[in-house]
Amino acid sequence: MQNVIAVAQSGMVALNKKLLALTNDISNAQTVGYKSKRVDFAEIYSQLVKDADQQYELEGTAPQGEAYGMGVRVSGTLMDMSPGTIQTTENAYDLAIQGDGFFQVRMSNGDLAYTRAGNFRLDNNHQLVTPQGYAVEPSITVPQNAVDVTIDTEGRIFVTLDGSSQAQQLGQISLAKFTNPEGLLSVGDNLFMPTDASGEARVGFASHDGFGDVAQFSLENSNVDVVARLAELVLLQRNFDLVTRAITAQNNMLQSAIQVAQA
């Protein structure tokens, strides 16, 4: 009785964790640059009841032991770093990366973080920042008298100042890439931090050395497939129902056994 309940409980816990991941993905379906996550399961070790016989019981048959699984556990979550679709906007500071790479931003504690969300803006000091106020790295400050801002595929920023017809280069946005981007740690606000699994950042410029192109007036949407996630949600509910039915069936069998024993 305890084993059945323990196995069913492990299933409920694992399915609940997957439900949490699915719900988070669906909730972030409209979040710029969001990357979906996959929950992987693994069987808990089997409880050995009887070793396989050393001698064949019948000629031509293999010896069989007796072992029962102890349930399931979450073995890990895998981030899907595939790109989302590109959306065209009317904001000159909306940027998307078409290909490999991450934008670099300087967090308030001084650490560098990385993001695919290029919905940037200018703060009160006319510095290019994220919606949370984290400065793009390297720092870019647009003059207040700039009347036109152009960012090319290599991330070079050109501005035309009021009273001038000649554009001048203001700076260049650099990108970062990782040996294993799926190993990055999501820290919220569409930001990622490097880990031992991701490896260290390699910094370069767009359109060079395997880095993607920068697209102005563009944003990378979330890569969540809402239809697929809803189908997974339905299947998850069915699996949960089956687990609860197994507990009910065990209880009914136990009650029947008690009634027979008391008869």
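The values are calculated or read from the model by the stated rules, or taken from the named source; none is laboratory data. Note that the structure is predicted; figures quoted are calculated from it, not measured. Glycine gets a Cβ as well: all are built from the backbone with ideal geometry, and neighbour counts include every protein chain shown.
Give me the residue from the stretch 103-126 that is in contact with a Ser or Thr (Cβ under 6 Å, 6 or more places away or on another chain) and in contact (Cβ under 8 Å) with a residue 60 or more places away in the chain and, out of that set, surrounded by the fewest Cβ atoms within 10 Å (Cβ to Cβ).
105
For the stretch 160-170, check the following and say yes or no: at least one residue is surrounded by 15 or more Cβ atoms within 10 Å (Cβ to Cβ), within 17 Å of residue 95 (Cβ to Cβ) and at pLDDT 95 or above.
No, that holds for no residue.
Do you know which residues across the stretch 186-221 are of a type in the set (A, V, I, L, M, F, W, C) and part of a loop (DSSP other than H, G, I, E, B)? Steps first, answer last, please.
Within the stretch 186-221, the first condition is being of a type in the set (A, V, I, L, M, F, W, C), and the residues that meet it are 187, 191-193, 197, 201, 203, 205-206, 211, 214-215, 217, 219.
Listed by number, the residues that qualify are 197, 201, 206, 211, 217.
With the condition kept exactly as written, say whether any residue in the stretch 212-220 is within 30 Å of residue 19 (Cα to Cα) and either of a type outside the set (A, V, I, L, M) or surrounded by fewer than 17 Cβ atoms within 10 Å (Cβ to Cβ) (or both). Please lay out each step first, then the result.
Within the stretch 212-220, the subset within 30 Å of residue 19 (Cα to Cα) is 219-220.
Adding the requirement that they be either of a type outside the set (A, V, I, L, M) or surrounded by fewer than 17 Cβ atoms within 10 Å (Cβ to Cβ) (or both) leaves 220.
Yes, that holds for at least one residue.
For the stretch 183-198, check the following and say yes or no: at least one residue is within 20 Å of residue 84 (Cα to Cα), in contact (Cβ under 8 Å) with a residue 24 or more places away in the chain and of a type in the set (Val, Ile, Thr).
Checked the stretch 183-198: at least one residue is within 20 Å of residue 84 (Cα to Cα), in contact (Cβ under 8 Å) with a residue 24 or more places away in the chain and of a type in the set (Val, Ile, Thr).
How many residues, within the stretch 150-203, are among the basic types (Lys, Arg) and in contact with a Lys or Arg (Cβ under 9 Å, 6 or more places away or on another chain)? Don't jump to the end; show me each part of the working.
Kept after step one, since they are among the basic types (Lys, Arg), are these residues of the stretch 150-203: 156, 177, 202.
If we keep only those that are in contact with a Lys or Arg (Cβ under 9 Å, 6 or more places away or on another chain) as well, we get 177, 202.
Residues flagged as among the basic types (Lys, Arg) and in contact with a Lys or Arg (Cβ under 9 Å, 6 or more places away or on another chain) within the stretch 150-203 amount to 2.
Restricting the search to the stretch 222-236, which residues are within 15 Å of the chain's Cα centre (by Cα), of a type in the set (A, V, I, L, M) and in a helix (DSSP H, G or I)?
Narrowing the stretch 222-236 to residues within 15 Å of the chain's Cα centre (by Cα): 222-226, 229.
From what's left, of a type in the set (A, V, I, L, M): 224, 226.
Result: 226, single match.
Which condition from (1) of a type in the set (Lys, Arg); (2) assigned by TED's automatic domain parsing to the domain that holds residue 120; (3) loosely packed, with under 15 Cβ neighbours inside 10 Å is the one that residue 177 breaks?
Just one mismatch for residue 177, condition (3).
Listed here are the residues, each with its yes/no results for (1) closer than 23 Å to residue 159 by Cβ; (2) in a strand (DSSP E or B); (3) within 20 Å of the chain's Cα centre (by Cα).
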residue: 68; (1), (2), (3): no, yes, no
residue: 73; (1), (2), (3): no, yes, yes
residue: 76; (1), (2), (3): no, yes, yes
residue: 81; (1), (2), (3): no, no, yes
residue: 84; (1), (2), (3): no, no, yes
residue: 91; (1), (2), (3): yes, no, no
residue: 104; (1), (2), (3): yes, yes, yes
residue: 108; (1), (2), (3): no, no, no
residue: 113; (1), (2), (3): no, yes, yes
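What number of residues in the stretch 92-113 are basic (Lys, Arg) and touching a Gly at 6+ places or on another chain (Cβ under 7 Å)? Talk me through it step by step, then tell me what you get.
Start the filter on the stretch 92-113 by keeping residues that are basic (Lys, Arg), which leaves 106.
Among the residues that remain, those that are also touching a Gly at 6+ places or on another chain (Cβ under 7 Å) are: none.
Looking only at that region, the number is 0.
Only one of these is outside the structural domain of residue 198 (by TED's automatic domain parsing), of a type in the set (Val, Ile, Thr), modelled with pLDDT of 95 or more and over 28 Å from residue 248 (Cα atoms): 77, 61, 31. Name it. Let's see the steps before the verdict.
Numbers: 77 fails: modelled with pLDDT of 95 or more; 61 fails: modelled with pLDDT of 95 or more.
Within the list 77, 61, 31, the selection yields 31.
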